[in-house]
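Engineer: Okay, handing you the structure first.
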2 protein chains.
Amino acid sequence: MAEVTTGLSIGQVAERTGLSVHALRFYEHEGLFVNPVRRGPGGRRVYSQDDVEWLTVCIILRASGMPLHALRRYADLVREGAGNAEERLMLLREHQAHVTAQIGRLTECLDLIRFKVGVYEDLLDPGSPTARQCHAPSPSADKEQAPTKSISS
Amino acid sequence: MAEVTTGLSIGQVAERTGLSVHALRFYEHEGLFVNPVRRGPGGRRVYSQDDVEWLTVCIILRASGMPLHALRRYADLVREGAGNAEERLMLLREHQAHVTAQIGRLTECLDLIRFKVGVYEDLLDPGSPTARQCHAPSPSADKEQAPTKSISS
DNA sequence: CTAGGATCTAGAGTCGGCTGTAGGTCAACC
DNA sequence: GGTTGACCTACAGCCGACTCTAGATCCTAG
């Protein structure tokens, strides 16, 4: 229980967030931090536990495809303090919709990929332990011409 | 039933694939087509129905995050003809794994986002018709310090 | 016959998100 | 007291995937 509120160097934060020191300076430059990063002797950055927690939120939002400018907007709102909860909520909901849509799109793509994987599996091992009833990518059962020939691709 | 096997101009293909004419030329330049795109009088590109079908596959693979170099690799394999099914299968399986992982990651992120959305919804309308039993992002129920304070972000 | 629009090639520019480099400061160790 | 090693600023460079521009060619319609 020694260094609980000690303050961390940029290197330490890089290590425990997985971001590079470059990225950390870049994020700061881009105004992504809610509180200005403190400086220690010699002008070195000193990160608080809160900074690190905020960063982990940033990382998750980034990982889900939120662009930096949106993240900055969110940081701006949080920095402003209470009274803009509606705006924060809107921003988050918008992002939620994006992520949900993206998951949907990926899932659709996965159908095609699975279908193709199935085709090649059967091709390579027709004594199929993999013999499902049907390989067709279920959703697009429309008037698309038979996928018989797309075996060649 | 007039233009079934007619051959399409680059503009027509752009229109029906959603790709730009620029992107179509770029894709060709990058070797993403299985068959060289035919040329009509005056050196103009003439796309076949097969080309368009291949493009739609490309679009789906791209939309699921496959980088162009992998797409080119796949096109190379298909162009080579039969006999490399294992390699095609490997490539597809690898991509399938990426997409699956990405969906997983996005779904995790969505948990946090939903949690935060829930927090702000409650904050704005505490007479909650949205009063779920609990907002906590289910998976990470570890020793993380209480999310009480992250209400501020 | 000429004007407009679609196309062509080749190459430059853009954008997001970092990453790398140059040149300098500072504290600690041998 | 000299050498690491971590850090600092400022800015250039990179990567992927297009997108735009310039200048030429070609087809069709009026």
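The values are calculated or read from the model by the stated rules, or taken from the named source; none is laboratory data. Everything quoted here is computed from the prediction, not taken from an experiment. Counting neighbours? That spans all protein chains shown, and the Cβs are built from the backbone with ideal geometry, glycine included.
Engineer: Are any residues in segment B:101-111 more than 7 Å from every other protein chain (Cβ to nearest Cβ) and under 16 Å from the mean Cα position of the chain (by Cα), and if so, which ones?
Structural biologist: Across segment B:101-111, the qualifying residues are B:A101, B:G104.
Engineer: Is it true that some residue in segment B:2-13 is within 12 Å of DNA strand C (Cβ to nearest atom) and without any contact (Cβ under 8 Å) to a residue 24 or more places away in the chain?
Structural biologist: Filtering segment B:2-13 for residues within 12 Å of DNA strand C (Cβ to nearest atom) gives B:7-13.
Narrowing the set further to residues that are without any contact (Cβ under 8 Å) to a residue 24 or more places away in the chain leaves B:11.
Yes, segment B:2-13 contains at least one residue that is within 12 Å of DNA strand C (Cβ to nearest atom) and without any contact (Cβ under 8 Å) to a residue 24 or more places away in the chain.
Engineer: Next up: I'd like to check something: does segment B:25-41 contain any residue that is over 29 Å from A:G104 (Cβ atoms), more than 21 Å from the chain's Cα centre (by Cα) and away from DNA strand C (no atom under 14 Å from the Cβ)?
Structural biologist: Looking for residues that are over 29 Å from A:G104 (Cβ atoms), more than 21 Å from the chain's Cα centre (by Cα) and away from DNA strand C (no atom under 14 Å from the Cβ), one finds at least one in segment B:25-41, hence yes.
This table checks each residue for (1) small (G, A, S); (2) closer than 20 Å to B:L112 by Cβ; (3) touching a Phe, Trp or Tyr at 6+ places or on another chain (Cβ under 9 Å).
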| position | (1), (2), (3) |
| --- | --- |
| A:S20 | yes, no, yes |
| A:G31 | yes, no, no |
| A:P36 | no, no, no |
| A:E53 | no, yes, no |
| A:C58 | no, yes, yes |
| A:G65 | yes, yes, no |
| A:R88 | no, yes, yes |
| A:R105 | no, no, no |
| A:C109 | no, no, no |
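Engineer: So is A:F26 part of a loop (DSSP other than H, G, I, E, B) and at pLDDT 95 or above or not?
Structural biologist: no
Engineer: If you don't mind, there's one more thing I want to ask. Quick one: is A:R114 at the interface with chain B (Cβ under 7 Å from one of its Cβ atoms) and surrounded by 16 or more Cβ atoms within 10 Å (Cβ to Cβ)? Walk me through how you get there before you give the answer.
Structural biologist: Numbers: at the interface with chain B (Cβ under 7 Å from one of its Cβ atoms): yes; surrounded by 16 or more Cβ atoms within 10 Å (Cβ to Cβ): yes.
For A:R114, the condition - at the interface with chain B (Cβ under 7 Å from one of its Cβ atoms) and surrounded by 16 or more Cβ atoms within 10 Å (Cβ to Cβ) - is met.
Engineer: Taking B:R88 as meeting all but one of (1) within 16 Å of DNA strand C (Cβ to nearest atom); (2) buried (at least 16 other Cβ atoms within 10 Å of the Cβ); (3) within 12 Å of another protein chain (Cβ to nearest Cβ), write down the number of the exception.
Structural biologist: Unmet condition: (1).
Engineer: Which residues, taken from segment B:37-48, are assigned to a loop (DSSP other than H, G, I, E, B) and at pLDDT 95 or above?
Structural biologist: Hits for segment B:37-48 are B:V37, B:R44, B:S48.
Engineer: Using the structure shown, decide if A:G104 is on the phi > 0 side of the Ramachandran plot and part of a helix (DSSP H, G or I). Give the derivation first.
Structural biologist: On the way: on the phi > 0 side of the Ramachandran plot: no; part of a helix (DSSP H, G or I): yes.
No: the conditions fail for A:G104.
Engineer: Contact list please: Cβ distance under 8 Å, first residue in segment A:30-49 and within 14 Å of chain B (Cβ to nearest Cβ), second residue at pLDDT below 95 and within 14 Å of DNA strand D (Cβ to nearest atom), pairs at least six apart or on different chains.
Structural biologist: Matching pairs, first to second residue: A:S48/A:G7.
Engineer: While we're looking at this one, here's another question. Among the residues of segment A:56-85, which ones are in a helix (DSSP H, G or I), more than 10 Å from DNA strand C (Cβ to nearest atom) and either away from every other protein chain (no Cβ under 11 Å) or on the phi > 0 side of the Ramachandran plot (or both)?
Structural biologist: A:R73, A:D76, A:E80
Engineer: Quick test for you: out of B:A136, B:A141, pick the one residue that is surrounded by 12 or more Cβ atoms within 10 Å (Cβ to Cβ), modelled with pLDDT under 60 and assigned to a loop (DSSP other than H, G, I, E, B). Let's see the steps before the verdict.
Structural biologist: Details: B:A141 fails: surrounded by 12 or more Cβ atoms within 10 Å (Cβ to Cβ).
Selected residue: B:A136, the only one of B:A136, B:A141 that is surrounded by 12 or more Cβ atoms within 10 Å (Cβ to Cβ), modelled with pLDDT under 60 and assigned to a loop (DSSP other than H, G, I, E, B).
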